[in-house]
Amino acid sequence: MKSTFFSVQKVSSAYFSSNFSDSMYHIFLFNGKGKIIVDFVTYDFEGRTVFFSSPFQNIQMVCETTFEVEILNFHSDFYCIEYHKKEVACNGLLFNNIYLFPHFSLAENVYQEISNYFSKIREADHREDFSGSVLQSYLQLILAISSREKNKLLPDKELAKDDFNELKSFQNLVEEHFLTEKNLSFYADLLHVTSNTLSKKIKSKFNKTPSQIIQERVILEAKKQIHLTRKSIKEIAVELNFNDEFHFSKYFKKYVGISPTQFRKEAGISIVADLYK
């Protein structure tokens with residue numbers, strides 16, 4: 001196990017401001033009040049909160065009151081969430097979902113339970129034999145507890161009651177057409193509303209514009225293909241319906257901050273790529 005692939009830290013301060021954009025998955029455990037900015041979308045938090053981010057998301061955090069934050073970082077080479085999906089069901093729930101909120105509040109007892117596992121990880125001797133398996137077990141418990149709690153808060157129940165049926169319909173249409181249709185007007189036409197009307201409705205529900213959602217869905221698929229397969233960047237560009245590899249790389253770097261080639265180098269290729277050939 002490479003120690004740089006797994007770490008945890010705790011910070012207590014009257015003020016905290018930091019940026020994260022790297023090849024790691026992050027779990028943040030907060031107790032305080034502040035703002036989280038995820039790929040330029042702002043979320044407010046207050047009280048006991050857990051927040052999840054995926055590799056090379058642009059994350060900024062600002063806390064302006066006395067607070068505590070615990071940060072757990074892990075690389076896919078340490079714990080592959082795709083490979084362990086049956087155990088924790090966190091991929092698409094805690095990580096890698098553009099429609100679900102990336103953070104949620106925790107009851108005091110659940111917050112303390114997760115915090116205790118953070119403490120066990122900090123106290124563990126990473127040099128001992130079998131320490132990797134022990135640390136993976138603690139991480140798996142944190143992910144399982146968090147998945148259980150977030151599952152209770154899934155917004156689909158709310159969407160079914162929402163007066164704007166376009167919200168769920170828009171999500172379904174994006175999933176069906178994002179590979180070939182990246183313009184907002186296409187979706188607005190199918191939903192028989194103006195682009196402006198659709199933008200207002202989507203923004204009120206997802207805290208981001210329809211165009212942002214479409215872009216994020218393309219980037220999420222690109223990241224999956226780069227990380228979970230051994231396809232060449234050129235092959236991935238074709239599958240995502242870009243004119244050529246150059247335009248795909250330019251699009252990817254604009255939203256991720258690094259090129260597809262660099263992303264693959266930093267994030268690596270998942271063991272899943274060799275399991276399902």
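Filtering region 47-67 to residues that are under 26 Å from Asn109 (Cβ atoms) and in contact with a Ser or Thr (Cβ under 8 Å, 6 or more places away or on another chain) leaves Gly47, Arg48, Thr49, Val50, Phe52, Met61, Cys63, Thr66, Phe67. Condition check for Phe51 on (1) free of Cβ contacts under 8 Å to residues at least 12 places away in the same chain; (2) touching a His at 6+ places or on another chain (Cβ under 6 Å): one failure, at (1).
For region 195-239, a tally of residues being closer than 19 Å to Lys182 by Cβ, touching a helix residue (DSSP H, G or I) at 6+ places or on another chain (Cβ under 6 Å) and not in a helix (DSSP H, G or I) returns 1.
Residues that are of a type in the set (Phe, Trp, Tyr), more than 24 Å from Gln136 (Cβ to Cβ) and part of a loop (DSSP other than H, G, I, E, B): does region 58-79 have at least one? No, every residue in region 58-79 fails to be of a type in the set (Phe, Trp, Tyr), more than 24 Å from Gln136 (Cβ to Cβ) and part of a loop (DSSP other than H, G, I, E, B).
Annotation for region 134-151: no member residue is more than 20 Å from Asn73 (Cα to Cα) and at pLDDT below 80.
Only one of the numbered conditions (1) within 30 Å of Gly257 (Cβ to Cβ); (2) part of a helix (DSSP H, G or I); (3) among the aromatic types (Phe, Trp, Tyr) is violated by Tyr138, and that is (1).
Residues that are surrounded by 14 or more Cβ atoms within 10 Å (Cβ to Cβ), without any contact (Cβ under 8 Å) to a residue 24 or more places away in the chain and of a type in the set (Val, Ile, Thr) are absent from region 181-196. Each residue in region 175-188 was checked for being farther than 17 Å from Gln225 by Cβ and in a helix (DSSP H, G or I), and 7 pass. Criterion first (free of Cβ contacts under 8 Å to residues at least 40 places away in the same chain and exposed (fewer than 13 other Cβ atoms within 10 Å of the Cβ)) does Lys231 satisfy it? No, not satisfied.
The values are calculated or read from the model by the stated rules, or taken from the named source; none is laboratory data. Since this is a predicted model, take the numbers as computed values, not measurements. Cβ atoms come from the backbone with ideal geometry, glycine included; neighbour counts cover every protein chain shown.
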